[in-house]
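The structure appears right after this line, and notes come after that.
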């Protein structure tokens, strides 16, 4: 079957885009590997109408709604290769299948490059977070640690006192100068220079000198990149942002490859469920326009 649009990635942005196209009665193929970025979190916050919901329930409910449209085809699998050109794209999946479509949409999401701190991976999305708007309120104005990874950590530490009492854990990743020290002090942010030995308990930080610092939660500024290289393999240009690399798009969400579009975390920053859904809805409408005009 030759689809109007192939959507690579069936999480929030991809489904939001697909919904606009399905409601325009276009044929849409969604290929999804089932690895949502927020799969480790038990609750999703800041998304109007779904605040506090289990993100898995939000995603499953959205998929159920999409499946009511007869022009949708959904494939559970990993898209590995994309080729062709506008009106004649092909996408190959890990099982050897090949799918044809007039347009492509990359909604692959991103992968987080986590700092190499012992115990952090196990707590990611549960007591260690990247977005205070998504998880800060639930820390109830408690003690919050910011694990530094680079220059963005200073911005993060200056922002987060809205949600609690903050300690910036430099961990050898940053050395604030005198002006930055003054700026942090003005916001009430303490600085801990001792390296981190590892994380314990819920969100406790064991320092190299043996001290244990208890926190209600921890934040860290990860570097991100598209979760798979499929867009880059097609020839889509990437660009650098303060958060990491992303697929470069124009105002209509079209990439550097004509007929191939991108949306969601893989193609915009900063990142949240709300922003991904909005970006996907816009991309879906622009994809439809590209098919008409």
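The values are calculated or read from the model by the stated rules, or taken from the named source; none is laboratory data. Quick caveat: nothing in here was measured; it's all calculated off a predicted structure. A quick note on method: Cβ atoms are made from the backbone with ideal geometry, for glycine too, and the neighbour counts reach across all protein chains shown.
If you go through segment 5-26 and keep only what is in contact with a helix residue (DSSP H, G or I) (Cβ under 9 Å, 6 or more places away or on another chain), surrounded by 19 or more Cβ atoms within 10 Å (Cβ to Cβ) and over 30 Å from residue 123 (Cα atoms), you end up with 5, 7, 17, 18, 19, 20, 21, 22, 26. Among the residues of segment 110-118, are any on the phi < 0 side of the Ramachandran plot, in a strand (DSSP E or B) and more than 22 Å from the chain's Cα centre (by Cα)? No, because not a single residue in segment 110-118 is on the phi < 0 side of the Ramachandran plot, in a strand (DSSP E or B) and more than 22 Å from the chain's Cα centre (by Cα). Under the condition of being at positive phi and assigned to a helix (DSSP H, G or I), the residues counted in segment 235-293 number 1.
All of (1) in a loop (DSSP other than H, G, I, E, B); (2) closer than 21 Å to residue 276 by Cα; (3) without any contact (Cβ under 8 Å) to a residue 40 or more places away in the chain hold for residue 68 with one exception: (2). Can you spot a residue in segment 61-71 that is in contact with a strand residue (DSSP E or B) (Cβ under 6 Å, 6 or more places away or on another chain), at pLDDT 95 or above and surrounded by 21 or more Cβ atoms within 10 Å (Cβ to Cβ)? Within segment 61-71, none of the residues are in contact with a strand residue (DSSP E or B) (Cβ under 6 Å, 6 or more places away or on another chain), at pLDDT 95 or above and surrounded by 21 or more Cβ atoms within 10 Å (Cβ to Cβ). Give segment 260-281 a look and list any residue that's surrounded by fewer than 20 Cβ atoms within 10 Å (Cβ to Cβ) and in contact (Cβ under 8 Å) with a residue 60 or more places away in the chain, or say none. Once the filter is applied, which keeps residues that are surrounded by fewer than 20 Cβ atoms within 10 Å (Cβ to Cβ) and in contact (Cβ under 8 Å) with a residue 60 or more places away in the chain, segment 260-281 yields 270, 272, 274, 278, 281.
Give the residues of segment 198-234 that are in contact (Cβ under 8 Å) with a residue 24 or more places away in the chain, farther than 20 Å from residue 157 by Cβ, more than 20 Å from the chain's Cα centre (by Cα) and assigned to a loop (DSSP other than H, G, I, E, B), sorted by residue number. Let's see the steps before the verdict.
Filtering segment 198-234 for residues in contact (Cβ under 8 Å) with a residue 24 or more places away in the chain gives 198-200, 202-203, 205, 213-228, 230-231, 233-234.
Those left that are additionally farther than 20 Å from residue 157 by Cβ: 198, 200, 202, 225-228, 230-231, 233-234.
Going one step further and asking which of them are more than 20 Å from the chain's Cα centre (by Cα), we end up with 198, 200, 202, 233-234.
Answer for segment 198-234, where residues must be in contact (Cβ under 8 Å) with a residue 24 or more places away in the chain, farther than 20 Å from residue 157 by Cβ, more than 20 Å from the chain's Cα centre (by Cα) and assigned to a loop (DSSP other than H, G, I, E, B): just 202.
Could you list, in sequence order, all residues of segment 43-57 that are surrounded by fewer than 20 Cβ atoms within 10 Å (Cβ to Cβ) and either over 25 Å from residue 136 (Cβ atoms) or in contact with a helix residue (DSSP H, G or I) (Cβ under 8 Å, 6 or more places away or on another chain) (or both)? Within segment 43-57, 43, 46, 47, 48, 50 meet the criteria.
Only one of these is assigned to a loop (DSSP other than H, G, I, E, B), over 25 Å from residue 35 (Cβ atoms) and free of Cβ contacts under 8 Å to residues at least 60 places away in the same chain: 161, 176. Name it. It would help to see each step written out before you state the result.
Numbers: 161 fails: assigned to a loop (DSSP other than H, G, I, E, B).
Being assigned to a loop (DSSP other than H, G, I, E, B), over 25 Å from residue 35 (Cβ atoms) and free of Cβ contacts under 8 Å to residues at least 60 places away in the same chain holds for just one of 161, 176, which is 176.
Do you know which residues across segment 129-153 are farther than 19 Å from residue 242 by Cβ and either assigned to a loop (DSSP other than H, G, I, E, B) or under 21 Å from the mean Cα position of the chain (by Cα) (or both)?
So in segment 129-153, the residues farther than 19 Å from residue 242 by Cβ come out as 135-145.
Selection gives 135, 136, 137, 138, 140, 141, 142.
Evaluating residue 126 against the criteria (1) farther than 20 Å from residue 263 by Cα; (2) assigned to a loop (DSSP other than H, G, I, E, B); (3) not assigned by TED's automatic domain parsing to the domain that holds residue 199 leaves one unmet condition, (3).
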